1. Calculate one ³J(HN,Hα) per residue across the stretch 31-44 by plugging θ = phi - 60° into the Karplus curve 6.51 cos²θ - 1.76 cosθ + 1.60, and present them in order as whole Hz with x for glycine and proline.
2. List the residues whose amide H sits under 5 Å from the amide H of Ile162, counting only those 5 or more places along or on another chain, with H placed 1.01 Å from N in the peptide plane.
3. With N residues in the chain, what two-decimal value do you get for its Cα radius of gyration over 2.2 N^0.38 Å?
4. Please arrange His195, His74 by how many other C-beta atoms lie within 10 Å of their C-beta, fewest to most.
5. Defining a contact as two alpha carbons under 8 Å apart and six or more residues distant in sequence, what relative contact order in percent does the chain show?
6. With 10 angstrom as the radius, rank Leu117, Leu155, Leu182 by how many other C-beta atoms surround their C-beta, starting from the fewest.
7. So which GluC sites (Glu not before Pro) in the stretch 76-156 are both in a DSSP loop and have at most 15 other Cβ atoms within 10 Å of their Cβ?
8. Answer with one residue from Asn31, Gly94, Leu169: the one whose Cα lies farthest towards the positive end of the charge dipole of the stretch 9-208, charges on Cβ with Lys, Arg +1 and Asp, Glu -1.
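Rule-based calculations on the coordinates, nothing more; no lab input. Predicted model, so just to flag it, every value in this text is computed and none were measured. Don't worry about glycine lacking a Cβ; one is built from the backbone with ideal geometry, like all the others, and counts go over all protein chains shown.
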Amino acid sequence: MSAKSTFPSITAQLIAVTVFCFLLDRAGLVNGFAFTFIPEQFFQIRENYFWLPAFLYVLPSMFTHTLAHAGWGHLIGNMLFFLAMGPILERVLGARRFLLVYVAGALLSALAVLVFLSPLGPEGEAVVYLGASAAVSSVMGGVLAVAPQSIIGFLPVVNFYIKAWMVVLFFYFEQVTVLTSLPLDAGPSGSALVHLVGLFIGYVVTRFSGDKHGKESQE
């Protein structure tokens, strides 16, 4: 089946908005902290107003945390992975389904944080979540589902093509190693859990939404 779009406009727009928000925060023009996801807010509100008002209160930040990053390394790492994988998936799925995968990864990984991770750190401080890595992980899961043979790099010295499935599986086993070797908390193991949830969500949403024959042709 031929690709559904020629230019990955949603990928480009998401990268542009994410970088723009980061630059605004760095320039002091906006408070990037306002974009972050703070699970403790949900539990505090739930104590007084039940779970639905609490969930509705934190729902926007369950996505906007993708717009906040801790530093240049955090931002560049996420955007490089997104730039490598996003156009592949968007061309196969089209803009709407691609955006669904990205948003679902962000929202459901944040929901996993509420369910599986403590909202407080070791000193009793509220844990803050930020970064697009879970949403980007969902895009990687989507690529594994429909375009695993896509070429995303080339090593000329050894004449070796790097395919999408290689990168995704390496990322998967790296996250599993971290998750199984450290106590589950808001540190690296918690991040690994969120990344794995993103991979799973992206794979499932891509496989079972819309056109079931949306695999990229390997021409």
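1. So the Karplus estimates, Gly and Pro as x, are 9, x, 4, 5, 7, 6, 9, 10, x, 4, 4, 4, 6, 5 Hz.
2. Distant-sequence amide H within range of Ile162: Ile152, Gly153, Phe154, Leu155.
3. Ratio of Rg to 2.2 N^0.38 Å for the chain: 1.05.
4. By the 10 Å Cβ count, ascending: His74, His195.
5. 26 percent
6. Ranked by crowding around the Cβ, least crowded first: Leu155, Leu182, Leu117.
7. Those that pass, being in a loop and sparsely packed, are Glu123, Glu125.
8. Gly94
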